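One structure below.
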There are 2 protein chains.
Amino acid sequence: MKWTVIATWKMAAEGVKLAETALREAGTAEAALTTVITDVENDPRFHSVGYSGLPNQAGVVQLDGGYMDGGTLSVGAVGCVENVASAFTLAKQCADYQFNNFLVGEGARQYAIQSGLEMKKLLTPEAQMIYEQRKAQPESLSSYKGHDTVGVCCLDSRGMLASGTSTSGLFMKMPGRVGDSPICGSGFYADSDIGAAAATGVGEEIMKGCLSYEVVRRMQQGQEPQEAASTLVAEFTQKLIRKRGQAEAISLICVDKDGRWGVGTNIKFAFVVSDQNHSAKVYVAEPTTDGCVIRPWNVADQDVD
Amino acid sequence: MKWTVIATWKMAAEGVKLAETALREAGTAEAALTTVITDVENDPRFHSVGYSGLPNQAGVVQLDGGYMDGGTLSVGAVGCVENVASAFTLAKQCADYQFNNFLVGEGARQYAIQSGLEMKKLLTPEAQMIYEQRKAQPESLSSYKGHDTVGVCCLDSRGMLASGTSTSGLFMKMPGRVGDSPICGSGFYADSDIGAAAATGVGEEIMKGCLSYEVVRRMQQGQEPQEAASTLVAEFTQKLIRKRGQAEAISLICVDKDGRWGVGTNIKFAFVVSDQNHSAKVYVAEPTTDGCVIRPWNVADQDVD
């Protein structure tokens, strides 16, 4: 009964603990993703995902989310959707059909209402205050505190792989901006014959390299997940610097069909892993010139959550 | 002075003829894409792109478009945008910035207005009539006449590669539906060190395989463009059938940094090519079990345009 779940950022730790209980009792990858992601979406402490997410330039919270079922390759995604309690749940629902798998904006919101999903005012007083403070000191757009998408990859005990994401995207983004989180192949990818992956960081960079697809492909060619993820992010960061003079934050998680996991990052990055032999634990990865080093998170790592 | 331009569907023939004149005089790939795509967007005869595009279930025309500069890997994309004369031009403009490269819905429309781009009522009386007729005979959603995205890949005489797309998407799609055309890696991809690609067909299938990215990657590994595109589409079609029981229409065009071009398809598919030695010519590709065969378009091929 082998299973593994890996998730981006320390904020996913409580959700992963909930998910591991279910996975131990033959829970599905799909259910595990839902547990982890909705736990983060509903938590007002986290300003980069769902409820209490930080708004765009116009003061409106617009969410992105994605889901891929590695068994069927079914994809569901939503971009720039407002007032939906769980962008991930809506995205997952979009994966149930043959067409119309990626919905954005008002059409996505209307579909959520018609589907009876929970609607919610997402902008909290605290998030609004952060927005007002930022508006008072205009400066060049830079992303907020690690632009922390929650991304989760899971292998369940039936051998199914799935991948999912949810985010409120870049703080002070332009209205209508969509990042990598709902983009199949960039924000997420899963193929139960091979592995699953998800990304966090600046979506505009991640989509230039289709990084979630590429890391799964490298696992297919025989690379171990840790080697695949860490060398891919290091190589692609170098490529961006060569072609563009700079590279923004990119972090990548993955798991293969045997339950082995891997991480790549070009910034200090925290993530959570649990499998059949190890209960949920938070790690920190830091980049090296050609990969990254991983160690357990400790209290000196409060700068990365 | 080597250059090549390749475009999806016969409807691109007039635009390719215009572009080849400029490419012969050292015109850029970016300008060639603009010439070909806006020619199709503005032509009311074509009901799958821009002006006179067929509407969604609610009777509204919503456009998708994408652009990638192979020199910088800059990406620009718009999804589900209304009343913009050229979704491609708007997408290309989104590529000029470091952030906010993919805009959708109302945010994308507002950005087009602010940028002074041409706005236009896109639904023509003829397209509305087709919509009314279809609404009168409800049936299961199926895509309209080959769901013909205009996709263009170009190598210019400076050695720059670029790729672009524009479409009104699936006829009778759900409001807010976005296809593969604005998805970097699925609808388009370009890297001037390797090659460029673009896709047409059912976006929901194309995005499951990140096919534009994957064909460029195969060219990087040394495959010739024709081998890369034709075997990729054949293999991925087989994979979809194995994992899902069926595969919808997929066609792919590509060009490499040496100006060699290739096509893959799982349906009868028409495309246009021009290079420094051959003026614009329309071809037809038809799938075989492991690739496709290509021959010049002739008057017996009126079923595919």
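Per-structure values
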quantity	calculated
In region B:31-124, trypsin sites (Lys or Arg not before Pro) in a DSSP loop with at most 12 other beta-carbon atoms within 10 Å	B:R45, B:K121
Unit charges on C-beta of K, R, D, E only; dipole of chain A, Debye	420 debye
7 Å along Cα→Cβ, label-point gaps from A:A300 to other copies, nm, shortest first	7.7
Summed side-chain charge close to B:N266 - residues other than B:N266 whose Cβ falls under 13 Å, Lys, Arg +1, Asp, Glu -1	-3
Lysine pair count for region A:4-301 [Cα-Cα under 14 Å; pairs on different chains or 8 or more apart]	9
Teacher prompt: A:G245 distances to equivalent labels in other copies, 7 Å Cα→Cβ, nm	5.4
Protein-only accessible surface order, largest first, of B:T231, B:T288, A:T165 at 1.4 Å	B:T288, B:T231, A:T165
7 Å along Cα→Cβ, label-point gaps from A:Q221 to other copies, nm, shortest first	0.6
Integer Hz, Karplus 6.51/-1.76/1.60 couplings in order for region A:181-194, x for Gly and Pro	4, x, 9, 4, x, 9, x, 7, 6, 8, 9, 4, 6, 10
Alpha-carbon radius of gyration plus Dmax, which is the widest Cα pair, for region B:143-225 in Å	13.4, 42
Inter-part distance where region B:1-64 and region B:236-281 are each reduced to a Cα centre, Å	17 Å
Gaussian network model of chain B, springs between alpha carbon atoms under 10 Å - residue of B:G176, B:G107, B:G151 with greatest fluctuation	B:G107
Förster radius 30 Å - calculated FRET efficiency between B:Q128 and A:V60, Cβ distance, rounded to 0.05	0.40
Pairwise label distance in nanometres, A:A26 with B:E25, each label 7 Å out on the Cα-Cβ vector	7.3 nm
For the pair A and B, total buried accessible area rounded to nearest 100 Å², probe 1.4 Å	4400 Å²
Residue-by-residue Karplus 3J(HN,Hα) for region A:9-21, coefficients 6.51, -1.76, 1.60, Hz, glycine and proline x	6, 4, 4, 7, 4, 5, x, 5, 4, 5, 5, 5, 4
Amide proton proximity set for B:G169, modelled H, under 5 Å, gap of 5+	B:D64
Per-bin percent of Cα-Cα distances, chain B [10 Å]	7, 31, 38, 20, 3, 0
Amide H contacts under 5 Å for A:R177, placed H, 5+ residues apart	B:V104
Chain B, closest residue to the rotation axis toward A, by beta-carbon, whole angstrom	B:G105, 1
Convex hull per residue volume in Å³, alpha carbons only, for region A:207-305	102 Å³
Residue (of A:Q62, B:N100, A:V16) at the positive-pole extreme of the protein assembly as shown, dipole from beta-carbon charges	A:Q62
Kirkwood Rh and Cα Rg combined as Rg over Rh, evaluated for the protein assembly as shown	0.96
Interface residues in region B:100-123 - accessible area drops by 10 Å² or more relative to the isolated chain, probe 1.4 Å	B:N100, B:N101, B:F102, B:L103, B:V104, B:G107, B:Y111
Expected 222 nm ellipticity per residue - DSSP helices of 4 or more, -39500 (n - 2.57), all of chain A, to 500	-9500 deg cm²/dmol
Region B:137-285 - charge dipole about Cα centre, Lys and Arg +1 at Cβ, Asp and Glu -1, debye rounded to 20	360 debye
Amide hydrogen neighbours beyond the local backbone of B:V84, cut-off 5 Å, H modeled	B:K120
Student exercise, the protein assembly as shown dipole from Lys, Arg, Asp, Glu Cβ charges, in Debye to nearest 20	160 debye
Percent accessible area from carbon and sulfur atoms, region B:4-301, protein chains only, probe 1.4 Å	49 percent
Residues losing 20 Å² or more accessible surface upon assembly, region A:166-185, compared with the chain by itself, 1.4 Å	A:M174, A:P175, A:G176, A:R177, A:V178, A:I183, A:C184
Accessible area of chain B divided out per residue, in Å², using a probe of 1.4 angstrom	34 Å²
In sequence order, calculated HN-Hα J values of region B:249-262 (Karplus, 6.51, -1.76, 1.60; Hz; x Gly/Pro)	4, 9, 9, 9, 10, 7, 9, 9, 5, 9, x, 6, 10, x
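The values are calculated or read from the model by the stated rules, or taken from the named source; none is laboratory data. Everything numeric in this text was worked out from a predicted model, so none of it was measured. Glycine also receives a Cβ, built like all others from the backbone with ideal geometry; neighbour counts cover every protein chain displayed. Remember, those area values only see protein heavy atoms, side chains included, never the ligands or the DNA or RNA. Shrake-Rupley method; radii C 1.70, N 1.55, O 1.52, S 1.80 Å.
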